[in-house]
Amino acid sequence: MKNKLKTIAVLTSGGDSPGMNAAIRAVVRNAAYNNLDCFGIYRGYQGLIENDFEKLGPRSVRNIINRGGTFLKSARSKDFRTKEGRQMAFDNLKARNIDALVVIGGDGSFTGADIFSQEFDIPVIGIPGTIDNDINGTDYTLGYDTALNTVVDAIDKIRDTASSHDRLFLVEVMGRDAGDIALNSGIGAGAEEILIPEEDLGIDRLLDSLHKSRKSGKTSSIVVVAEGDQIGKNITKLASDIEKDLPEYEIKVTVLGHIQRGGSPSCYDRVLASRLGVGAVDALLEGESNIMVGIQNKKIVYVPFETAINIKKTLDFDLMRVADIVST
Ligand code: ATP
């Protein structure tokens with residue numbers, strides 16, 4: 001493969017995350033470093049089908065390492081789920097003599113990449129880009145660290161008003177079915193309670209804990225609620241259930257929403273993106289295919305798409321214990 005590889009392409013797919021631009025930059029520059037031509041594909045798989053390509057060189061990716069989002073834009077493509085759509089995508093790659101593809105996205109994007117690669121026998125490498133940190137086989141995904149810092153910053157501000165008014169704030173954070181953002185931001189921002197999908201402790205335990213906090217002298221509280229948590233899924237109902245049981249608190253709900261996905265990437269995410277982007281091109285040059293480039297114990301690793309997609313990532317439950325202890 002090393003001799004055969006001449007031209008590659010890169011795209012971003014699924015939800016955007018901070019660090020995607022930095023990863024594109026690293027892919028483009030490592031391609032140039034190895035004398036490969038590189039195309040950027042706009043709007044993910046949809047742009048691949050609709051022939052939305054642009055040749056990129058080292059200077060095309062200047063001044064983007066610090067920018068959130070993705071300059072190649074991202075999309076969710078229904079057409080790529082069909083055989084006809086993927087055939088058009090492949091034909092567009094072949095028309096430009098593109099030998100391999102780098103896909104920056106989440107598990108859905110990797111599922112599409114895996115199918116595409118096997119169907120047309122074309123090497124595809126994935127880079128995990130999602131703020132949720134929910135992809136198995138990598139300790140961190142692109143954008144997670146930035147999102148955590150955004151959430152902690154927001155909760156710090158909310159705490160100012162919570163403590164000035166004796167309020168209890170329920171703060172909903174992203175993460176889909178994963179509690180990484182909630183758990184880590186909850187510890188980092190000193191939340192009294194953290195509700196995560198991986199551990200359904202029920203409303204009674206939450207109420208009991210809030211009563212205890214009140215008795216211990218706390219006059220305001222922050223509860224971080226992961227969007228996928230069982231009792232937190234309906235956060236307005238949760239607020240009214242708590243209000244009935246703890247009428248002494250004024251309950252406020254804040255849904256942080258998409259501010260968590262935006263913003264300039266943290267230094268950690270920029271370095272991670274640079275390593276993963278360089279790693280993806282290295283992997284192609286080594287003849288790899290159908291793998292995600294991830295990071296484990298600070299080392300770049302190659303993880304088969306199957307492992308990344310089909311195995312659920314486990315949460316570090318010791319962090320729950322730490323959260324319990326430090327919130328007493
Ligand atoms: P996020 O974590 O932000 O949701 P994601 O990569 O998981 O990112 P998805 O919308 O699940 O986002 O997937 C992105 C795209 O990947 C889809 O719009 C679709 O084009 C493609 N894709 C997902 N699953 C498949 C599949 N089974 N077959 C073909 N393509 C797929």
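Summary table
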item: Percent RCO, i.e. relative contact order, over the stretch 144-261, from Cα pairs under 8 Å lying at least 6 residues apart; result: 38
item: Helix-only CD estimate at 222 nm, as mean residue ellipticity for the chain, using -39500 (n - 2.57) per DSSP H run (n ≥ 4); result: -13000 deg cm²/dmol
item: Contact order normalised by residue count of the chain, Cα under 8 Å, 6+ apart, percent; result: 24
item: Between 0 and 90°, nearest 10: helix 107-120 axis offset from the chain longest Cα axis; result: 20
item: Hits among lysines - C-alpha to C-alpha of K299 under 25 Å, sequence gap 8 or more where chains match; result: K2, K312, K313
item: Distance (nanometres) between label positions extended 7 Å along Cα→Cβ at H258 and S164; result: 2.9
item: Ordering of 12-20, 255-263 by packing [mean C-beta count within 10 Å, highest first]; result: 12-20, 255-263
item: Accessible area expressed per residue, the stretch 144-261, with surrounding protein chains retained (probe 1.4 Å, Å²); result: 43
item: Per-residue SASA entry for T138, accessible area with 1.4 Å probe, Å² rounded to 10; result: 0
item: Crossing angle, helix 20-33 versus the chain [Cα axis fit, 0-90 degrees, rounded to tens]; result: 30
item: Between helix 235-245 and the chain: long-axis angle, C-alpha atoms, 0 to 90°, nearest 10; result: 10
item: Cα-centred dipole magnitude for the chain, charges only on beta-carbon of K, R (+1) and D, E (-1), debye, nearest 20; result: 1260
item: Under-5 Å amide H pairs with I135, H placed in peptide plane, nonlocal only; result: none
item: Cβ crowding within 10 Å averaged over residues, with 196-206, 267-277 ranked highest first; result: 267-277, 196-206
item: Heavy-atom accessible surface of the chain: percent carbon and sulfur, 1.4 Å; result: 48
item: Amide proton proximity set for G129, modelled H, under 5 Å, gap of 5+; result: G105, G106, L142
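The values are calculated or read from the model by the stated rules, or taken from the named source; none is laboratory data. Please read these numbers as outputs of a predicted model, since none were measured by experiment. Heads up, the Cβs are rebuilt from the backbone with ideal geometry, glycines too, and the neighbour counts pull from every protein chain shown. Calculation scope for accessible area: heavy atoms of the full protein, side chains included, ligands and nucleic acids excluded. Shrake-Rupley method; radii C 1.70, N 1.55, O 1.52, S 1.80 Å.
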